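Single-structure report; data block below.
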Amino acid sequence: RSQKAVSIITSFYGNMADVGKTPVARNEKASSEFGYVGIDAILEQMRRKAMKQGFEFNIMVVGQSGLGKSTLTNTLFKSKVSRRSVMTTEEERIPKTIEIKSISHVIEEKGVRMKLTVIDTPGFGDQINNENCWQPIMKFINAQYEQYLQEEINIDRKKRISDSRVHCCIYFIPPTGHCLRPIDIEFMRHLSKVVNIVPVISKADTLTLEERDFFKQKIREDLRANEIDIYPQKEFDEDAEDRMINEKIRAMIPFAVVGSDQEYQVNGKRLLGRKTRWGTVEVENTTHCEFAYLRDLLIRTHMQNIKDITSSIYYEMYRVRRLNENNTKPNGQPAIHANGVPEHEVLSHEM
Amino acid sequence: MQERAMAATEIARQAGEGARGVPLSGHVGFDSMPDQLVNKSVNHGFCFNILCVGETGLGKSTLMDTLFNTKFEGEPTQHNQPGVQLKSKTYELQESNVRLKLTVVNTVGFGDQINKEDSYKSIVEFIDAQFEAYLQEELKIKRTLHSYHDTRIHACLYFIAPTGHSLKSLDLVTMKKLDSKVNIIPIIAKSDAISKSELAKFKIKITSELVSNGVQIYQFPTDDETVAEINSTMNGHLPFAVVGSTEEVKIGNKMVRARQYPWGTVQVENENHCDFVKLREMLIRVNMEDLREQTHTRHYELYRRCKLEEMGFKDTDPDSKPFSLQETYEAKRNEFMGELQKKEEEMRQMFVQRVKEKEAELKEAEKELHEKFDRLKKLHQDEKKKLEDKKKALDDELNGFKQKKTAAELLQAQTLQAGSSATLKKDKERKN
């Protein structure tokens, strides 16, 4: 099994071969081995339990209209999971305020069931005055933490608390090629404190490779200068092995992605791509764009890690704040609500 | 059509759990999630805690050694314990890439007392204490649940003495007290003392007694098709009749663990001889995870619910929930502050005490030093006086000597003069 663990991680680096699941040999063989206790059978037991329970994953997409958020989500999960795919055409307008809409689907692959919730934020960054645009989103994220906390402190608790906490927030950076804009920095600065942020350069097929590398470098510099910690965060590296893998990822982010849900014929194969007069951009071709790396990171190798960081770090931080909040309110100092919004400020955007 | 889709999604959104399913048009890759989860657990390691309840001498330690194929240290206990004590030891085992933190808790002195009315109490207290420790950690404001060493008992092996007749009343009472707190797996110990026919009757008697007394023993789960069949078969074999042994005997051309008698050899891993293999299969290889889960989701939740209700909190309407939590935390904070203050007081007292003691010691030392100094001074003075006396004596002697000398010199001078005058006289007389 440890072999398989290694092979999943290496698949991130370009070997996109599917990792087939090898069924475990039943214990009959092992029991004839003298001295074998069978402790490692617990791995199989855990796997069985996980398959039965299924998994939950909540992903939020944030970015201006027209950056390809819905398309990318559909491409990531190879199905029509985005909000746009399920709504009627009358609703296709840019809203006057930021709205938060979440849609859940159950998807299944090789016996593994996953409840995927995509949280869309239409209206973000689309107004003329975008001040405090991050607030409603922050409020939403904290509301999910609050809901989980309430369930957790119940006397009579459910066997399995349904997890609606936002595990990962993908932030779409428009492909200007220069550097981060103030709205990008503001948003990421505030939100990286409460949720895992994965910034991506959207519609990357408008940048040449040199422009892309330059842009990435600038973005990384801007993030460092503003002390913004994006996923995978340096301080949450668990051990040397972790650090090694994550350093390689940190050298590549933000990923430059292209999304598509249309297939074209390329060299005799049907591939997802965008067809233009000067060629076809293959979405899953790593020489064209970095979509595959993003997918591998989010889904194939680090999904569990993303969920763990959300539950054991961000959620715990919220919980500590919340539990301390009603007891320490020094006079004269503005209290900060659990949703991260200072008490005295009037919200310019309401949900 | 679109409206229907909208409505479905609306419902799905509201229902939450029953979100609609969508087909995938290609391989996404989240089928690696069970692997990711397993890898995380492997890196983290596992915890398993077994409680062995049974009279002294029923082979509890030997069975643990046999099950986990190691020699856990420990001396066999004496039979003269005044009460039931629980001794727990933790071991780190590793098999292939799985690290297991195994804790074995033994009841020492169980069944040895003349009056056994309170025997079960220390066991119940111990189990509750583990739940309490976990609850405390869970209620903490700054908590570290993922690195917490879970000491809650996952499985209780209840050792039944191989009398061949029925359960002892102590067994019934103890199991009844434990069945709502822990997963009980009853086993017949030292079952090589019972013949096959007697064993079948014994098992039936035990099962019927347990049922008629309403004792809920752990049932191997039958809801998952992969293991439903084997688990339900095994449920019918309870209680397991086991034999433990760490000694190896050569049978045929293999070394097997067995107990050798003049009339034959009982092989531990031979399913015709005893149910050891069944126990190992059920306890470790098939249901270890389920035992852990039942402990957490059933027994621990029950304890938590009772404890919190005891503290006076109820789940009423949503408005009062934050209050009950606040109250709990207020109460806890006050308690904590109180304890802190008490500790501070204690420490201060202790400090003052120590300072006083040290002062006294120092004073003592000072006094002694003074005394010593005085003594020495006196000694010195005495010496000095003696010396002076001696000096005086010497001086006197010297003076005396000087006087004598002067006197002698004078005498000599006189004699000389007299002599010379005598000589002068003689000269004078000659002359005349």
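The values are calculated or read from the model by the stated rules, or taken from the named source; none is laboratory data. These numbers come from a predicted model, not from an experiment. Note that we place each Cβ from the backbone using ideal geometry, even for glycine, and neighbour counts take in every protein chain shown.
At a glance:
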item	result
Filtered residues of the stretch A:172-196 (kept if touching a Ser or Thr at 6+ places or on another chain (Cβ under 9 Å) and either of a type in the set (D, E, K, R) or in a strand (DSSP E or B) (or both))	A:F172, A:I173, A:N196
Members of the stretch A:69-87 that are more than 10 Å from every other protein chain (Cβ to nearest Cβ), more than 13 Å from A:L272 (Cβ to Cβ) and not hydroxyl-bearing (S, T, Y)	A:K69, A:R84
Strands (runs of 3 or more DSSP E) contained in the stretch A:259-351 and holding at least 2 residues touching a Pro at 6+ places or on another chain (Cβ under 6 Å), charged (D, E, K, R) and at pLDDT 85 or above	none
Breaking point among (1) in contact (Cβ under 8 Å) with a residue 24 or more places away in the chain; (2) within 13 Å of chain B (Cβ to nearest Cβ); (3) not in a helix (DSSP H, G or I), for A:E108	(1)
Among the residues listed as B:A241, B:A200, the single one being exposed (fewer than 14 other Cβ atoms within 10 Å of the Cβ) and not β-branched (V, I, T)	B:A200
Filter pass, B:I187 being under 19 Å from B:E55 (Cβ atoms) and either in the same structural domain as B:L238 (by the TED database) or over 32 Å from the mean Cα position of the chain (by Cα) (or both)	yes
A:I94 touching a Ser or Thr at 6+ places or on another chain (Cβ under 7 Å) and in contact (Cβ under 8 Å) with a residue 60 or more places away in the chain	no
Unique match (being of a type in the set (K, R), surrounded by fewer than 17 Cβ atoms within 10 Å (Cβ to Cβ), closer than 22 Å to B:Y148 by Cβ and within 14 Å of another protein chain (Cβ to nearest Cβ)) among B:K71, B:K101, B:K89	B:K101
Residue within the stretch B:74-84 that is modelled with pLDDT of 80 or more, assigned by the TED database to the domain that holds B:M175 and surrounded by fewer than 20 Cβ atoms within 10 Å (Cβ to Cβ) present	no
Where a residue in the stretch B:134-145 is in contact (Cβ under 8 Å) with a residue 60 or more places away in the chain and its partner, wherever it lies, is among the charged types (D, E, K, R) and outside any helix (DSSP H, G or I), with Cβ under 7 Å and at least six apart	B:Y134/B:D150; B:Y134/B:R152
Matching residues, the stretch B:23-54, being crowded, with 21+ Cβ neighbours inside 10 Å, over 22 Å from the mean Cα position of the chain (by Cα) and more than 7 Å from chain A (Cβ to nearest Cβ)	none
Residue in the stretch A:40-52 that is more than 7 Å from every other protein chain (Cβ to nearest Cβ), at pLDDT below 85 and surrounded by 14 or more Cβ atoms within 10 Å (Cβ to Cβ) present	no
Members of the stretch B:221-242 found to be within 12 Å of chain A (Cβ to nearest Cβ) and in a loop (DSSP other than H, G, I, E, B), listed by number	B:P221, B:D223, B:D224
Unmet criterion (only one of (1) part of a loop (DSSP other than H, G, I, E, B); (2) under 30 Å from A:A225 (Cβ atoms); (3) touching a residue at least 40 places away in the same chain (Cβ under 8 Å)) for A:I141	(1)
Among (1) surrounded by 17 or more Cβ atoms within 10 Å (Cβ to Cβ); (2) under 28 Å from A:I253 (Cα atoms), the one test that A:I153 misses	(2)
Filter result (over 22 Å from B:K71 (Cα atoms) and surrounded by fewer than 13 Cβ atoms within 10 Å (Cβ to Cβ)) within the stretch B:252-279	B:G252, B:N253, B:Y261, B:P262, B:W263, B:G264, B:E271, B:N272
Residue match in the stretch B:148-164 (condition: among the β-branched types (V, I, T) and touching a His at 6+ places or on another chain (Cβ under 9 Å))	yes
Per-region count, the stretch A:303-316, residues at the interface with chain B (Cβ under 8 Å from one of its Cβ atoms) and over 9 Å from the mean Cα position of the chain (by Cα)	5
Unique match (being assigned to a helix (DSSP H, G or I), touching a residue at least 60 places away in the same chain (Cβ under 8 Å) and out of contact with any Cys (no Cβ under 8 Å at 6 or more places or on another chain)) among B:T207, B:T174	B:T174
Members of the stretch B:246-276 found to be polar (S, T, N, Q) and away from every other protein chain (no Cβ under 14 Å), listed by number	B:Q260, B:T265, B:N272
Some residue of the stretch A:54-62 being within 20 Å of A:L294 (Cα to Cα) and either at pLDDT below 70 or of a type in the set (S, T, N, Q) (or both)	yes
